[in-house]
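Engineer: This structure is in structure tokens; I'll ask about it shortly.
We did not get these values from a lab; they are worked out from the coordinates using the rules stated. Bear in mind the structure is a predicted one, so any value in this text is a computation, not a measurement. With ideal geometry, Cβ positions are generated from the backbone for all residues, glycine too; neighbour counts draw on all protein chains shown.
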Amino acid sequence: MTDGRGARAGSGGSVYVRIAKTARWTAALGACAMFLTNAAAHAGERANDVSRLERDVLTEINYAREHPQEYAEMLREYREFFDGRVLFLPGDPNGVITNEGIPAVDEAIDFLERQAPLPPLSRAELLVLAAQDHADDQGAYGGSGHVSRDGSSPGDRVKRRGGDIYVGEGIWYGNGDAGAVVRSLIVDDGVRGRGHRALLFQADFRYAGVGCGAHRRFGNICVVDFSGTADGSPVLPGWAKARGGQVFRMPATTKR
């Protein structure tokens, strides 16, 4: 979609919950060598690039969690590239149409200024596998949302990998580097309730897994699964942990 000046529609996202600065912007959208490949690129090289993106997305999330006020300063620079609702990053003369424009960025800055620093999220392999499963599934047929083609939810996908259902999930679609992915989730342009931002700054989460790949409709996809535990199991209250408590799931019963 374009406006009169040829601006493109912006990237989007989806959220689910159970329970040298100029150079930075230049690489942020549409021209990222990490993510945009040509026909001559080798599959192995792309796999390495995607793996690097997954790592960098988690690093960027943790930077925002640990240094929210510093991230707010970065967004102040970012807002200078707007003309109304159209974002013109350096090196992108066509621009990208956003839903809200500067007001959404200003709201994110205000949130970050008031946000207390949070502990970083640790990478959890099981969450990575579940996130990658969904990225691969949606990327292949161009889907969107949190339900896979087989009807599985984020919790179902984690459980299928050997974990439990207590997870949150954020999804990003579009083109860009790790900075563009996380910035989009934090600004949460056009998303009622700013659900992606709430996921990233959920104090109870301690683990995350990122899965990225090519997307048939939107160019690329990144899925981030969050949990308070490394396997999506429920978090025990502190008093229960102190007494050596464990979580046991009751077997399903059938009413007659």
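Engineer: What spacing in nm lies between the two simple spin-label points modelled at R55 and D106, each 7 Å away from Cα in the Cβ direction?
Structural biologist: That separation, rounded to one decimal, is 4.0 nm.
Engineer: Within the range 184-235, report the trypsin sites (Lys or Arg not before Pro) that DSSP leaves as loop and that have at most 13 other Cβ atoms within 10 Å. Present the calculation step by step, with values, prior to reporting the outcome.
Structural biologist: Values: sites: R192, R194, R197, R206, R216, R217; in loops: R206, R216, R217.
The qualifying sites are R216, R217.
Engineer: Starting from the Cα of A203, step 7 Å along the direction of its Cβ; do the same at Y141; then give the gap between the two resulting points in nm.
Structural biologist: Placing both labels 7 Å along Cα→Cβ, they lie 4.1 nm apart.
Engineer: Would you kindly state how much longer the chain becomes between R216 and D156 on full extension, computed as 0.36 nm times their sequence separation minus their alpha carbon distance, in nm to one decimal?
Structural biologist: 19.2 nm
Engineer: Moving to a separate point now. Does the range 114-190 come out rounded, prolate or oblate, given a ≥ b ≥ c as the square roots of the eigenvalues of its C-alpha gyration tensor, rounded meaning a/c under 1.5 and, failing that, prolate meaning a/b above b/c? Each step should come with its number before you reach the end.
Structural biologist: Values: a/c = 2.02, a/b = 1.24, b/c = 1.62.
Cα axes put the range 114-190 in the oblate bin.
Engineer: Quick one: Karplus J couplings for the range 202-207, per residue in order, coefficients 6.51, -1.76, 1.60, θ = phi - 60°, nearest Hz, x for Gly and Pro?
Structural biologist: Once rounded to whole Hz, the list reads 6, 5, 7, 6, 10, 9.
Engineer: A further question follows. On the principal axes of its Cα set, how long, how wide and how thick is the range 60-199? Give whole Å, largest value first.
Structural biologist: 46, 35, 26
Engineer: Under the rule a/c < 1.5 gives rounded, and otherwise a/b versus b/c splits prolate from oblate, where does the range 54-143 land using the Cα gyration tensor?
Structural biologist: oblate
Engineer: Here's something else I'd like to know. Let me know the shape class of the range 122-237, please: from the alpha-carbon gyration tensor, a ≥ b ≥ c as square roots of the eigenvalues, rounded when a/c is under 1.5, otherwise prolate if a/b is greater than b/c, or oblate. Working shown, then result.
Structural biologist: Values: a/c = 1.81, a/b = 1.20, b/c = 1.51.
Judged from the Cα gyration tensor, the range 122-237 comes out oblate (a/c at least 1.5, b/c at or above a/b).
Engineer: Moving on. Excluding E107 itself, what net charge comes from residues whose Cβ is under 12 Å from its Cβ, given Lys and Arg +1 and Asp and Glu -1?
Structural biologist: Value of the local net charge: -2.
Engineer: From Cα pairs below 8 angstrom and at least 6 apart in sequence, can you work out the relative contact order of the range 76-162, rounded to a whole percent?
Structural biologist: Once normalised by length, the contact order is 18 percent.
Engineer: Next question. Could you sort 114-121, 126-133, 223-230 so that the peptide with the highest average Cβ count within 10 Å comes first and the rest follow in order?
Structural biologist: Listed from highest to lowest mean packing, they are 223-230, 126-133, 114-121.
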